[in-house]
Amino acid sequence: MNFSKLYRPSALNSFQFVAVTGLVMSAAAHCILAVGVGRVPPGFSWLYVCWLVFYAGGTLLNYFGKPNAGHHHDHGEDHDEDHEH
């Protein structure tokens, strides 16, 4: 297994990238609320759990997904000649 898919930014898939971004933004908001406002809403820490679950799901897709599977939509039998896929 290639463990660089867990931490190397160029190896992260969209789900992992969104989860890392959400985690960083939630941590920044947590600091702003704690220092600037003086309190953090109850249940705010559940955001971290959600981001970690999202990251774990992205990691599973990254490891066990088909890396060379192209993005393909089957639009039925009426294909236009000038429509490129």
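I'd like the full set of residues that are among the small types (Gly, Ala, Ser), surrounded by 11 or more Cβ atoms within 10 Å (Cβ to Cβ) and either on the phi > 0 side of the Ramachandran plot or part of a loop (DSSP other than H, G, I, E, B) (or both), limited to region 34-55.
Going through region 34-55, the residues among the small types (Gly, Ala, Ser) turn out to be 34, 36, 38, 43, 45.
Subsequent filtering for residues that are surrounded by 11 or more Cβ atoms within 10 Å (Cβ to Cβ) retains 34, 45.
Once the filter is applied, which keeps residues that are among the small types (Gly, Ala, Ser), surrounded by 11 or more Cβ atoms within 10 Å (Cβ to Cβ) and either on the phi > 0 side of the Ramachandran plot or part of a loop (DSSP other than H, G, I, E, B) (or both), region 34-55 yields only Ser45.
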(request) Give the number of residues within region 14-44 that are out of contact with any His (no Cβ under 7 Å at 6 or more places or on another chain) and more than 30 Å from Tyr63 (Cα to Cα). (result) 14
(message) Can you tell me which residue is modelled with the lowest pLDDT among those in region 1-11 that are of a type in the set (A, V, I, L, M, F, W, C) and surrounded by 13 or more Cβ atoms within 10 Å (Cβ to Cβ)?
(response) Leu6
(message) Return the pair list, or none, for Cβ contacts closer than 7 Å from residues in region 12-31 that are within 18 Å of Gly43 (Cβ to Cβ) and modelled with pLDDT of 95 or more to residues that are in a helix (DSSP H, G or I) and of a type in the set (A, V, I, L, M), at least 6 apart or on different chains.
(response) Ser26/Leu47
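The values are calculated or read from the model by the stated rules, or taken from the named source; none is laboratory data. Model, not experiment: these values are computed from the prediction. Cβ sites come from the backbone with ideal geometry, for glycine too, and all protein chains shown count toward neighbours.
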